[in-house]
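Here's the structure we're looking at; comments come further down.
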Protein chains: 2
Amino acid sequence: MELKNDLLLRTVNGEKVERPPVWLMRQAGRILPQYRAIRSSLSGFKELVATPDLAAEVTIQPVDELDVDAAIIFSDILVIPESMGLHYELIEKKGPLFPKTIETAKDIENLIEGAEAAENLDYVYHALDVTKKELAGRVPLIGFCGAPWTIFSYMLEGSGSKTFSKAKKFLYTEPDLAHQLLDKITNTSIAYLKKKVEHGVNLIQIFDSWAGILSPEQYRTFALPYIQKMCEAITDVPVTVFAKGAWFVLEDLGKLPCATLGLDWSTNPQLARQKVGESKVFQGNLDPCQLYASHKEIELACTSMIKAFGDKHIVNLGHGVYPDTPLDGVKTFVNTVKNYQYSS
Amino acid sequence: MELKNDLLLRTVNGEKVERPPVWLMRQAGRILPQYRAIRSSLSGFKELVATPDLAAEVTIQPVDELDVDAAIIFSDILVIPESMGLHYELIEKKGPLFPKTIETAKDIENLIEGAEAAENLDYVYHALDVTKKELAGRVPLIGFCGAPWTIFSYMLEGSGSKTFSKAKKFLYTEPDLAHQLLDKITNTSIAYLKKKVEHGVNLIQIFDSWAGILSPEQYRTFALPYIQKMCEAITDVPVTVFAKGAWFVLEDLGKLPCATLGLDWSTNPQLARQKVGESKVFQGNLDPCQLYASHKEIELACTSMIKAFGDKHIVNLGHGVYPDTPLDGVKTFVNTVKNYQYSS
């Protein structure tokens, strides 16, 4: 189906565009009253992820309510470890919890992987089918997954952590096993992403949420090669890599075979361009807390960010939008971008 | 009293030294069985902080057990908000909790500040006196406090947080009040540090633990000027500033009137030197998780770090040592440094 709004794809392809496209990480979520209404009728977040009709509905809500330039499928990066046989729960106000974590070679050996694991995620592909149908080509649909290091860190740590010291310890003490596990996660993620592409996503984003806690050397050893492999495997749609906090390997990220790099708010656009060169489109990077400010200040900050990036830019925040962000602030952000015009 | 080991101070003063000095952030703590024995006999961490004889004892333990080149007084950065009238608790395995947080202008107005607040911390000065006496000049004694932004963030947020979005929201929505509060924290911290110097500390370290979550612009507005003021006020002993994650303002940090900058493990030494110039001594920056590795790998990583820094370097980790670090790993780290010799 032809897209009615293909601004995001034209930007990613390096075409000259009239203004930058805009969407928000976590736009399908608690910032929207429509989302909260659906969520409150369910037992939890995981039920929403696993119910295709509802996942599709909340995926489309921000397109209706905010008029953003893309939809991103409502899901969770942790469906990958689950598909591999590692069950998790989401504890209200605390986050993910894996009752069983990876500790030994045997644990890694026992994991399901690749296409076989990806087959366990039919509910995601079904949600994509419903979403594509309901969206009817209004905007592109983004599919996503976690980067192997980030998924690995949850599988070892069992929950969120300030330091992820258990996961990092494994890198130092069991490097060969770490590579085995990272390989399995990568193979599974690639199979999963390929299925997503088959089911119509127009773009893929890879989230390396815990990139920032590795040392440069560790990132080059245990993170980058697996992202590289994923980028190489996804050939039919453009890929965005968002390695949060990974400023220290920005030059390396710039050499990945992907179209777009996500940036958090600590990296200024000029520095990013200088490190990465002209080949990549950038996505980001307003501080999510900026949206707590007044209408006027959001407008000012957003406009100044667009100017600082120049072209080859997809407007987004530098992180997922925080759940208590005022809807008015989000709308001001989106509308500021939509009213912007690149001077020709 | 003359110091028997003044390697740290000679290094900080820019003198040519035979090897870099070494100590570890959080060296007085759970890594030591002696510490765990004392701690288990008490109701909690705060009781230990508030009992001068015991605080002195655990301060000296790592000098005895690890033979490090400095002692750092056992205390907590959150004694400052408490001295200002904001009580906190330490919840086992969760961290600090402030039952009442700062929300309004009135809350800020009601705070005690400056010398009056610093007078509430007599137990710290008493602990310093005991420590100095017991140390008997074996090594220098380091005093510390949190940077104003980090203290501010706890006073607003009430606990640790992944995003500190409440504290950051206040910066965006109530900038004038934020400056008022930062001023009060700064005045109190200066009065506190001056008392510490009176009671014999040989060096001051300022910890900006949550530096990394601000944008460069916010850091320059709400964090740096207050650290600058503190550095200017402390004239009798050298000051170390450790702004964790603040790579994006490294050049600005390099212009502070302090002797030493702490670095975390994401910043490589060459880059730091290039950004900061020759004027500062660096402190850091091994990944704490490296100490989980084998004896040989710790030795290798530590030696290679020392070579990468060259001179003007105090060896430390890039963060506080993690409580479950094997004592053997810590000893290998310290001994590697002590056996090192700069080639002349």
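The values are calculated or read from the model by the stated rules, or taken from the named source; none is laboratory data. Computed from a predicted structure; not experimentally measured. Reconstructed Cβ throughout: ideal geometry from the backbone, glycine too, with neighbour counts over all protein chains shown.
May I ask you to verify whether B:G245 is in a loop (DSSP other than H, G, I, E, B), within 14 Å of chain A (Cβ to nearest Cβ), without any contact (Cβ under 8 Å) to a residue 40 or more places away in the chain and more than 19 Å from B:I142 (Cα to Cα)? In short, yes.
Whenever a residue of the stretch B:90-112 is β-branched (V, I, T), its partners that are at pLDDT 95 or above and not in a helix (DSSP H, G or I), lying with C-beta atoms within less than 7 angstrom and at least six residues away or across chains, give the pairs B:I91/B:L97; B:T101/B:G158; B:I108/B:I102; B:I112/B:M84; B:I112/B:G85. The set of residues in the stretch A:107-142 being under 28 Å from A:T11 (Cα atoms), out of contact with any helix residue (DSSP H, G or I) (no Cβ under 7 Å at 6 or more places or on another chain) and part of a helix (DSSP H, G or I) consists of A:D129, A:K132, A:K133. Restricting to the stretch A:261-320, name every residue that is among the β-branched types (V, I, T), over 25 Å from A:Q228 (Cα atoms) and either away from every other protein chain (no Cβ under 14 Å) or free of Cβ contacts under 8 Å to residues at least 24 places away in the same chain (or both). Listed by number, the residues that qualify are A:T303, A:I306. Checked against (1) out of contact with any Pro (no Cβ under 7 Å at 6 or more places or on another chain); (2) crowded, with 20+ Cβ neighbours inside 10 Å; (3) closer than 25 Å to A:S215 by Cβ, B:F222 meets all criteria but (3). Within the stretch A:170-192, the set of residues being touching a helix residue (DSSP H, G or I) at 6+ places or on another chain (Cβ under 7 Å), over 18 Å from A:L224 (Cβ atoms) and surrounded by fewer than 23 Cβ atoms within 10 Å (Cβ to Cβ) comprises A:T173, A:L177, A:A191. Being without any contact (Cβ under 8 Å) to a residue 24 or more places away in the chain, surrounded by fewer than 24 Cβ atoms within 10 Å (Cβ to Cβ) and away from every other protein chain (no Cβ under 14 Å) is a description that applies to B:T235. The single residue among B:D311, B:D236, B:D324 that is assigned to a loop (DSSP other than H, G, I, E, B) and at pLDDT below 95 turns out to be B:D311. Can you find a residue that is under 14 Å from the mean Cα position of the chain (by Cα) and within 14 Å of another protein chain (Cβ to nearest Cβ) anywhere in the stretch A:217-227? No: zero hits.
Quick check on the stretch B:153-170: of everything there that is assigned to a loop (DSSP other than H, G, I, E, B) and more than 9 Å from every other protein chain (Cβ to nearest Cβ), which residue is modelled with the lowest pLDDT?
Out of the qualifying residues, it is B:S161.
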